[in-house]
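**Q** One structure, pasted below without further comment.
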Ligand SMILES: Cc1ncc(COP(=O)(O)O)c(C=O)c1O
């Protein structure tokens with residue numbers, strides 16, 4: 001029996017996507033895999049809306065967050081980390097892990113960051129090497145205006161790093177228009193593929209920094225991903241081949257529906273869910289101006305216990 005997963009992802013997966021995983025395995029150093037990889041990456045670029053280099057990583061979304069930071073940051077580099085919830089905090093922890101200095105912009109949970117404050121901090125700290133932001137804070141149901149922040153960051157040397165793990169494919173993301181230098185996502189949320197793959201886009205501005213750096217991480221070294229992809233249409237290490245079959249099918253279904261249509265569907269469903277909760281007198285958590293369209297957060301009514309309600 002199929003169970004309803006009481007989490008904001010992994011999301012429900014269409015049976016065509018599950019069945020795509022049941023294909024016979026193919027070698028990851030073959031022409032067949034090269035074609036699959038290239039086709040999946042080209043589809044991903046249409047969803048990210050970018051011409052930037054795009055790579056698939058075997059790992060969860062956090063692997064791509066780690067890849068973004070470990071390829072850009074050197075010991076002592078300053079990173080402006082916008083924190084609107086748990087996943088913003090995660091970026092801060094990753095920066096600290098690689099010896100970076102975190103400059104925090106902390107926002108009340110349930111609210112969004114103000115692009116004007118981002119500008120003030122960048123003006124006060126000319127040496128900020130990167131800015132990180134989580135588009136859709138799954139932990140609070142609030143989303144940041146990544147377009148407004150991108151307009152600010154593009155006038156500075158800082159590399160703009162955005163987590164779209166719970167928004168890509170379900171909310172308005174446009175990597176090129178929003179001036180995003182590095183954009184990361186995961187397979188298991190709005191893309192509606194199984195968990196286990198992450199994706200990352202890299203702009204020319206980001207490559208200029210990455211090419212000069214010595215790698216801080218072996219498995220997630222972006223230069224290796226670039227070399228293997230452009231020289232051989234391969235990944236440096238054995239990828240989760242059958243998950244790539246599934247991701248390719250999930251992207252095919254997304255593009256068939258149409259990206260705009262899918263986003264609008266999320267927007268409409270979010271309105272319906274909110275209306276329903278309001279009718280039940282259940283208070284929404286995120287501030288109205290910051291409300292996500294892929295995750296609705298609400299406060300439990302008195303007497304209802306989260307663990308009992310969700311039955312882990
Ligand atoms: C916004 C956001 N960032 C990062 C993550 C971490 O992703 P993963 O669990 O795939 O490593 C999640 C997972 O829920 C998320 O929602």
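**Q** Being surrounded by fewer than 19 Cβ atoms within 10 Å (Cβ to Cβ) and touching a residue at least 12 places away in the same chain (Cβ under 8 Å) narrows it down to one residue among 58, 54, 50; which is it?
**A** Working: 54 fails: surrounded by fewer than 19 Cβ atoms within 10 Å (Cβ to Cβ); 50 fails: surrounded by fewer than 19 Cβ atoms within 10 Å (Cβ to Cβ).
Only one candidate passes the filter, namely 58.
Conditions (1) without any contact (Cβ under 8 Å) to a residue 60 or more places away in the chain; (2) within 16 Å of the ligand (Cβ to nearest atom), marked per residue:
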| site | (1), (2) |
| --- | --- |
| 179 | yes, no |
| 183 | no, yes |
| 193 | no, yes |
| 205 | yes, no |
| 217 | no, yes |
| 225 | no, no |
| 230 | yes, no |
| 243 | no, yes |
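**Q** Could you tell me whether residue 117 is over 27 Å from residue 46 (Cβ atoms) and crowded, with 23+ Cβ neighbours inside 10 Å?
**A** Values: over 27 Å from residue 46 (Cβ atoms): yes; crowded, with 23+ Cβ neighbours inside 10 Å: no.
Spelling it out, it is not the case that residue 117 is over 27 Å from residue 46 (Cβ atoms) and crowded, with 23+ Cβ neighbours inside 10 Å.
**Q** If you check residue 66 against the conditions, is it closer than 21 Å to residue 211 by Cβ and within 16 Å of the ligand (Cβ to nearest atom)? Before the answer, list the steps.
**A** Working: closer than 21 Å to residue 211 by Cβ: yes; within 16 Å of the ligand (Cβ to nearest atom): yes.
For residue 66, the condition - closer than 21 Å to residue 211 by Cβ and within 16 Å of the ligand (Cβ to nearest atom) - is met.
**Q** Quick check, is residue 93 out of contact with any helix residue (DSSP H, G or I) (no Cβ under 6 Å at 6 or more places or on another chain), within 16 Å of the ligand (Cβ to nearest atom) and farther than 17 Å from residue 297 by Cα? Spell out the reasoning first.
**A** Values: out of contact with any helix residue (DSSP H, G or I) (no Cβ under 6 Å at 6 or more places or on another chain): yes; within 16 Å of the ligand (Cβ to nearest atom): yes; farther than 17 Å from residue 297 by Cα: yes.
For residue 93, the condition - out of contact with any helix residue (DSSP H, G or I) (no Cβ under 6 Å at 6 or more places or on another chain), within 16 Å of the ligand (Cβ to nearest atom) and farther than 17 Å from residue 297 by Cα - is met.
**Q** Output the number of residues of the stretch 197-216 satisfying the condition of being outside any helix (DSSP H, G or I), touching a helix residue (DSSP H, G or I) at 6+ places or on another chain (Cβ under 8 Å) and exposed (fewer than 15 other Cβ atoms within 10 Å of the Cβ).
**A** Restricting attention to the stretch 197-216, the residues satisfying the condition of being outside any helix (DSSP H, G or I) are 197-203, 213-216.
Now narrow it down to the ones that are touching a helix residue (DSSP H, G or I) at 6+ places or on another chain (Cβ under 8 Å): 197-202, 213, 215-216.
Next, from what is left, pick out any that are exposed (fewer than 15 other Cβ atoms within 10 Å of the Cβ): 215.
Adding up the residues that qualify gives 1.
**Q** Looking at the structure I just gave you, is residue 175 outside any loop (DSSP other than H, G, I, E, B) and either more than 12 Å from the ligand (Cβ to nearest atom) or at pLDDT 95 or above (or both)? First the steps, then the outcome.
**A** Details: outside any loop (DSSP other than H, G, I, E, B): no; either more than 12 Å from the ligand (Cβ to nearest atom) or at pLDDT 95 or above (or both): yes.
The answer is no for residue 175.
**Q** Here's something else I'd like to know. Hey, among the residues in the stretch 10-34 that are within 16 Å of the ligand (Cβ to nearest atom) and under 25 Å from residue 238 (Cβ atoms), which one's surrounded by the fewest Cβ atoms within 10 Å (Cβ to Cβ)? Break it down stepwise before answering.
**A** Here is the first cut: in the stretch 10-34, the ones within 16 Å of the ligand (Cβ to nearest atom) are 10-13.
Okay, now just the ones that are also under 25 Å from residue 238 (Cβ atoms), so 10, 13.
On the way: 10: 16, 13: 20.
Checked the stretch 10-34; the qualifying residue surrounded by the fewest Cβ atoms within 10 Å (Cβ to Cβ) is 10.
**Q** Another question, then. Which condition number does residue 7 fail, the rest of (1) assigned to a loop (DSSP other than H, G, I, E, B); (2) within 16 Å of the ligand (Cβ to nearest atom); (3) buried (at least 21 other Cβ atoms within 10 Å of the Cβ) being met?
**A** (3)
**Q** Okay, moving on. Is it the case that residue 37 is more than 21 Å from residue 163 (Cβ to Cβ) and surrounded by 22 or more Cβ atoms within 10 Å (Cβ to Cβ)? Even if it seems obvious, please write down each step before you answer.
**A** Working: more than 21 Å from residue 163 (Cβ to Cβ): yes; surrounded by 22 or more Cβ atoms within 10 Å (Cβ to Cβ): yes.
So residue 37 passes the test.
**Q** Which one of 129, 104 is away from the ligand (no atom under 15 Å from the Cβ), touching a strand residue (DSSP E or B) at 6+ places or on another chain (Cβ under 9 Å) and in contact (Cβ under 8 Å) with a residue 40 or more places away in the chain? Working first, answer last.
**A** Details: 104 fails: in contact (Cβ under 8 Å) with a residue 40 or more places away in the chain.
Answer to the check: 129.
The values are calculated or read from the model by the stated rules, or taken from the named source; none is laboratory data. Quantities reported herein were computed from a predicted structural model and do not represent experimental measurements. Glycine also receives a Cβ, built like all others from the backbone with ideal geometry; neighbour counts cover every protein chain displayed.
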